[in-house]
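The values are calculated or read from the model by the stated rules, or taken from the named source; none is laboratory data. Everything numeric in this text was worked out from a predicted model, so none of it was measured. Neighbour counts run over all protein chains shown; Cβ positions are idealised from the backbone, glycine included.
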Amino acid sequence: MGNFLKLITFVAVAGLSFYILRFLDASILTTQSTFSKFALLTISGIFYTSFLTAPLSVVLFIILGSSTNIYLVILFGGLGAVVGDLLIIKFFRKLFKAFSFVKHAESFKTAKKIAKKYHLNLVGLIIGMAIVASPFPDELGLILLGVSSLSYFQLAILTFLLNSLGILVILSAAKLFL
């Protein structure tokens, strides 16, 4: 049943992407006002963080990147991605706070000692950063970053840089292959 749901989700997202592509021709987007482009880039950045909407935002980045300055696409897409990432991190931190009773269990204390001994917190942080920087959806990476002791401001700067790097990779690959 799980594979069937994944297939249905993929078909729905792909169909929606093609439907929107049909109406978002680059010639139409170039005639729109500059403000609406930047708003669309920011909204695309917010959608860039979720696994369901990431394909749609990648398509929008590629379309807008062909008619807009690439650095503006990266800037506004990165700012939108920060908003989406911080919302997800806030959700996960509240969720983990609800399960705070687990950290008093003996097995959790043992796991924490092992993590500290082998520097697994740093490894988790690096893996989380790599996932956020990749063009793939950010949820797993944000969980790894969210359980760290970084403040929201530090996470905002970090996710902005990483998502902007991911958007740059997407736009560079699109210019290379399209």
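Please go through region 58-83 and pick out each residue that is small (Gly, Ala, Ser) and at pLDDT 90 or above. Listed by number, the residues that qualify are Gly77, Gly78, Gly80, Ala81.
With the requirement that a residue be free of Cβ contacts under 8 Å to residues at least 40 places away in the same chain and surrounded by 20 or more Cβ atoms within 10 Å (Cβ to Cβ), what does region 145-159 give you? Scanning region 145-159 gives a single hit, Leu158. Going by the structure shown, is Thr42 modelled with pLDDT of 85 or more, of a type in the set (Ser, Thr, Tyr) and not in a helix (DSSP H, G or I)? When the stated conditions are applied, Thr42 does not pass them. Inspection of region 85-95 identifies no residue that is part of a helix (DSSP H, G or I), of a type in the set (D, E, K, R) and modelled with pLDDT under 75.
Here Ser100 fits the description: farther than 26 Å from Ser57 by Cβ and of a type in the set (S, T, N, Q). Here is the figure for region 45-84: residues that are surrounded by fewer than 20 Cβ atoms within 10 Å (Cβ to Cβ), among the hydroxyl-bearing types (Ser, Thr, Tyr) and in a helix (DSSP H, G or I) total 3.
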